[in-house]
Amino acid sequence: MSKKQSLGKDAVVLTSSKVLSLAIAMVSSMLLSRFRTLEEYGTYSQILLVISLATSIFTLGLPNSLNFFLAKAKEDTEKGEFLSTYYTFNTALCVLMGAVLTLCTPLIVQYFKNTLISSFWYVLAVLPWANVITSSIDNVLIVYHKTDKLMLFRLLNSIFLLLSIVVIQVFHLTFYHYMILYVVVQSGFAIAVYILVKNLSRHVHFHINWGLVRTVLAFSLPLGLSAILSTINIELDKLVIGRLLGTEEVAIYTNAGKELPITIVSSSITAILLPQIVRLINNKRKDAAVRLWGDGTVIGYAVLCFFAISMVVYAPQVITVLYSEKYLPGVGVFRIYSLVLILRSTYFGMLLNAFGKTRLIFYSSLISIALNAVLNILFYYIFGFVGPALATLVCIGLVGLLQLAFSARCVEVPFRKILPWKKLLKITLVNLVIGALGYAVIRFFQIGTSARDVAITIGIGVAAVLLYGAVMFKPLKRIWRSLDAPVEEE
């Protein structure tokens, strides 16, 4: 009983930590967008884009090994041996990554046609290491059941990054000073990670067990390859915009194409349902697994569809609140990415994962990246600035359908029964009607982006929430209760 309570407490703490950190990160992004010029924010986005791609390549999937090998180790000496090898080897890889990025700075400048990047070579040299080491503490503290410390660490990290923006603005410092402070803050927290890990296990020291490295890499490299494909796929449209257009357009596209953290709803549902679906599949209860997944999908879809349609309707006002009016040229991109939210309402590879058909998921990732690469360029020349965003929407939709088709074959049900399509259609129609009413009000009263108009828009949004809640509360409550049924039966 105490173990269940501990798990429940950990889940609540971790979720709360994630929500608060995302909220603070959102505020940081809002302030940075307002306080810095489009060229500066575009440069910042380009640097982070390069670091994201490099990190997925150079870390060889090692971050994915932490949970598995650390949880598998029984003795503290065994955990210490793994942590020593992990952090020493990973640090060496990060140093190599920083050196390569520093040497490649002229090529990065040439690719983005942005000479300002050359002034921030030190960011490319140090920040990859700081980010990789800082992100690793999550899995370590979870395995050691130190979720309270994790929450404190994440909150302090987010708050210090937020304060660095405020300090720069208060003292009227330059963007160059902000980047220095940003690197210093992240480096400080990376050093804190080494100290925390050392305090958790007395057996941690700088040392590499090469036999253990080979074992870990055998596990992590396939996952690392998938992570590389996923990262390239996510960042591909920004790479295209960065190459074909200017730095200011990258700034606008980055914020307009930023997926808002509402997807935490669907990701949380996925995390909860996946273990149960795996058990049902193992017990040969395919129909129950399909039904459970369908119910979870309806819950996630009901939430994300409402936000997606709302953000399409109120896009100019939302962008003004989040990033300021100078990002309004990205309204089209923002609306397309809002529709992407609908496709994030579930994990389409859920059943494939439960069946252990990870190869099919990998193949669909390969198809996705190949299709995305072609459509990004093609759609850019056909549709212009919004083309890459449209390509992303089309690719995610087509790959989702492909994974659904694979899933239907695995569970041996017709495609029309793999998800509760009628329920999803009803939710869509309800949202379209509410969205159309909101759009009619916006158009009739010619509501723009002034402070007064934004306040009116918020009022309309609150009314839409109340109306949607009145219509959907009872049916969603019934579905939510049904999620417990498979657990009770087992």
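Brief remarks on what is shown
- Couplings for region 371-385, taken from phi via the Karplus curve 6.51 cos²θ - 1.76 cosθ + 1.60 with θ = phi - 60°, read 5, 4, 4, 5, 5, 4, 5, 4, 5, 4, 6, 8, 10, x, 4 Hz in order; Gly and Pro are left as x.
- Over the C-alpha atoms of region 333-490, the Rg to Rh ratio, Rh being the Kirkwood estimate, stands at 1.05.
- Here the gap between Val167 and Lys198, fully extended at 0.36 nm per residue and compared with their Cα-Cα distance, gives a gain of 8.0 nm.
- The chain - accessible surface per residue (Å², probe 1.4 Å): 48
- Positive contributions from Lys and Arg (+1) and negative ones from Asp and Glu (-1), summed over other residues with Cβ under 15 Å from the Cβ of Ser56, come out at 0.
- The gain in end-to-end length when the Leu402 to Leu20 segment is fully stretched comes to 134.0 nm, 0.36 nm per residue minus the alpha carbon separation.
- Tail beyond 13 Å, pair distance distribution of region 395-434 (Cα, percent): 60
- Inverse mean reciprocal Cα-Cα distance (Kirkwood Rh) of region 97-243, Å: 18.1
- For region 207-309, the share of alpha carbon pairs falling in successive 10 Å distance bins from zero is 12, 22, 28, 25, 13, 1 percent.
- Scaled against 2.2 N^0.38 Å for its residue count N, the alpha carbon radius of gyration of region 152-210 is 1.50.
- Taking the accessible area of the chain, probe 1.4 Å, and keeping the other protein chains in place, the carbon and sulfur fraction comes to 69%.
- The residues neighbouring Ser324, those whose beta-carbon lies less than 13 Å from its own, together hold a net charge of +2 under the Lys/Arg +1, Asp/Glu -1 convention.
- Label point distance in nm, Thr215-Tyr122, each placed 7 Å from Cα along Cα→Cβ: 4.2
- Of the whole protein surface, Asp287 contributes about 110 Å² of accessible area at a 1.4 Å probe radius.
- Cα-based Rg and Dmax for the chain, where Dmax is the largest Cα-Cα distance (Å): 23.5, 70
- For region 90-98, backbone phi angles converted through the Karplus equation (6.51, -1.76, 1.60; θ = phi - 60°) give residue-by-residue couplings of 5, 4, 4, 5, 5, 4, 4, 4, x Hz, Gly and Pro being listed as x.
- The GluC sites (Glu not before Pro) of region 220-267 that DSSP puts in a loop, and whose beta carbon has at most 16 other beta carbons within 10 Å, are Glu259.
- Residue list for region 187-229, given a label point 7 angstrom along the Cα-to-Cβ vector of Ala92 and an amide N cut-off under 18 Å: 204-221
- Per-residue ³J(HN,Hα) for region 39-51, Karplus 6.51 cos²θ - 1.76 cosθ + 1.60, θ = phi - 60°, Hz, x for Gly and Pro: 5, 5, 5, x, 5, 4, 5, 5, 5, 5, 5, 4, 5
- Of Leu22, Pro414, Ala190, farthest towards positive along the dipole that unit charges on Lys, Arg, Asp, Glu beta carbons give the chain: Pro414
- Figure note: Trp421, Trp129, Trp480 ranked by solvent-accessible area, largest first, 1.4 Å probe, ligands and nucleic acids not counted: Trp480, Trp421, Trp129.
- Fully extended contour minus Cα-Cα distance, from Leu366 to Leu103, at 0.36 nm per residue: 91.7 nm
- Taking every C-alpha pair closer than 8 Å and separated by at least 6 residues, the mean separation divided by the residue count of region 118-260 gives a relative contact order of 24 percent.
- Cross-link pairs exceeding 28 Å in C-alpha to C-alpha distance, out of Lys326/Lys426; Lys238/Lys326; Lys113/Lys326, comprise Lys326/Lys426.
- The chain, relative contact order in percent, only Cα pairs under 8 angstrom and at least six apart counted: 18
- Spin-label pair Ile57-Leu432: with each label point 7 Å from Cα along the Cα-Cβ axis, the two points sit 4.4 nm from one another.
The values are calculated or read from the model by the stated rules, or taken from the named source; none is laboratory data. Everything numeric in this text was worked out from a predicted model, so none of it was measured. Ideal geometry is used to build each Cβ from the backbone, glycine not excepted, and the neighbour counts take in all protein chains shown. These accessible areas exclude ligands, DNA and RNA; they are computed on the full protein's heavy atoms, side chains included. Shrake-Rupley method; radii C 1.70, N 1.55, O 1.52, S 1.80 Å.
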